[in-house]
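*Asks:* Once you've had a glance at the structure underneath, I'll fire off some questions.
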Ligand SMILES: *Cc1c(COP(=O)(O)O)cnc(C)c1O
């Protein structure tokens, strides 16, 4: 069976050797030695200054909204994973959806201004599949209207834009270290922010504690545990190799599909991408279903990322967004992971090409 991704696992003894350090302390969470070591190593690997490791990639979004004091309306993208929208609603704010750019699949920045009202407090956009939003245009709008900017950068591990970590853009960025993501800690994630927000974010992720006997804000528990951090530390040394291997698979797909009617993702210029996903866009949904079925009949399971368009969620006031809905119904992510055998890669390519005819 071949899935859209395959969780990378280090050798078990490598994981255990790292976990042993925590065993020695008798300390399994509350920001133990391994969480601190992981944060330090990620800071240097990603070249980004302010990081807080967390227990998943959803709580950092909710903490960002809470700790920035957002309320009212948040302008957001309908083409993302459900956590982007659910976090806004969970924090008592109203998502205002803006359609996406059909080439980059990120929020269409040219449509943001028209949606700003007196209730708007922020823009929460997703760097979809690790492809940067138009961060310069968004920063300009945010500055002009005094809005905060949060990036759901769940897919952006290792991505740089204009020579620096994509996590450095916006007031806050969040990443997911879920087992299906490029870099993982089983469940896990991180928050990255401008220095002036660090203390508030840190406090909110640890119950609002201000030392052991005092509280400074309403908080929650989003702490990463030691076994999670150990997984991250065991995997980090492999990341360069993992990304290189994925790059070769992406190049093989690009070469194979370049002459077909499939459209692939256009990466924004000056991006050093991480090859996190391989989405292809079909001319219509029936073509997609035809190819998907054919792959599944060979035990190959691509995924419809992202489907459905988030403006159609049952707890969202109905609205229509033509581009996002059209892309959501015609996009399919093909298997992409380090260790995908050439033989299987060729099989996937052949099935897709055959069924496209
Ligand atoms: C995976 C993902 C999340 C949620 O991350 P978890 O670690 O699963 O909580 C949020 N946003 C996007 C775009 C994602 O793909």
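*Asks:* Out of 160, 120, 180, report the one residue that is crowded, with 19+ Cβ neighbours inside 10 Å, at pLDDT 95 or above and under 22 Å from the mean Cα position of the chain (by Cα).
*Replies:* Values: 120 fails: under 22 Å from the mean Cα position of the chain (by Cα); 180 fails: crowded, with 19+ Cβ neighbours inside 10 Å.
Only one candidate passes the filter, namely 160.
*Asks:* Quick check: anything in region 194-215 part of a loop (DSSP other than H, G, I, E, B), more than 28 Å from residue 20 (Cα to Cα), assigned by TED's automatic domain parsing to the domain that holds residue 129 and within 16 Å of the ligand (Cβ to nearest atom)?
*Replies:* no
*Asks:* If you don't mind, there's one more thing I want to ask. Pick out the one residue from 61, 105 that is more than 14 Å from residue 173 (Cβ to Cβ) and within 16 Å of the ligand (Cβ to nearest atom).
*Replies:* Just one listed residue meets the conditions, 105.
*Asks:* Could you count how many residues in region 261-282 are closer than 18 Å to residue 301 by Cβ and part of a strand (DSSP E or B)?
*Replies:* Summing the residues that are closer than 18 Å to residue 301 by Cβ and part of a strand (DSSP E or B) in region 261-282 gives 2.
*Asks:* Any idea which of (1) touching a strand residue (DSSP E or B) at 6+ places or on another chain (Cβ under 9 Å); (2) more than 22 Å from residue 278 (Cβ to Cβ) is the one residue 114 doesn't satisfy?
*Replies:* (1)
*Asks:* Hey, can you tell me all the residues within region 288-321 that are closer than 16 Å to residue 348 by Cβ and part of a helix (DSSP H, G or I)?
*Replies:* 288, 290, 291, 292, 293, 294, 295, 296
*Asks:* Something else now. Quick one: in region 267-300, of everything that is touching a strand residue (DSSP E or B) at 6+ places or on another chain (Cβ under 8 Å) and either over 23 Å from residue 157 (Cβ atoms) or free of Cβ contacts under 8 Å to residues at least 24 places away in the same chain (or both), which residue is farthest from the ligand (Cβ to nearest atom)?
*Replies:* 299
*Asks:* Which of the helices (runs of 4 or more DSSP H) found entirely inside region 1-88 contain at least 1 residues meeting this: under 30 Å from residue 331 (Cβ atoms) and at pLDDT 95 or above? Spell out how you get there, then give the answer.
*Replies:* Numbers: elements: 12-25, 33-46, 59-67.
The qualifying helices (runs of 4 or more DSSP H) are 33-46, 59-67.
*Asks:* Here's a follow-up. Quick one: count up the residues across region 144-179 that are within 10 Å of the ligand (Cβ to nearest atom), touching a strand residue (DSSP E or B) at 6+ places or on another chain (Cβ under 9 Å) and over 21 Å from residue 268 (Cα atoms).
*Replies:* Residues in region 144-179 being within 10 Å of the ligand (Cβ to nearest atom), touching a strand residue (DSSP E or B) at 6+ places or on another chain (Cβ under 9 Å) and over 21 Å from residue 268 (Cα atoms): 3 in total.
*Asks:* Assuming residue 71 fulfils every condition listed in (1) buried (at least 16 other Cβ atoms within 10 Å of the Cβ); (2) over 22 Å from the mean Cα position of the chain (by Cα); (3) more than 20 Å from residue 167 (Cα to Cα) apart from one, which condition is it?
*Replies:* Result: residue 71 passes all but (1).
The values are calculated or read from the model by the stated rules, or taken from the named source; none is laboratory data. From a predicted model like this one, the values you see are computed outputs, not experimental measurements. We place every Cβ from the backbone using ideal geometry, glycine too, and count neighbours over all the protein chains shown.
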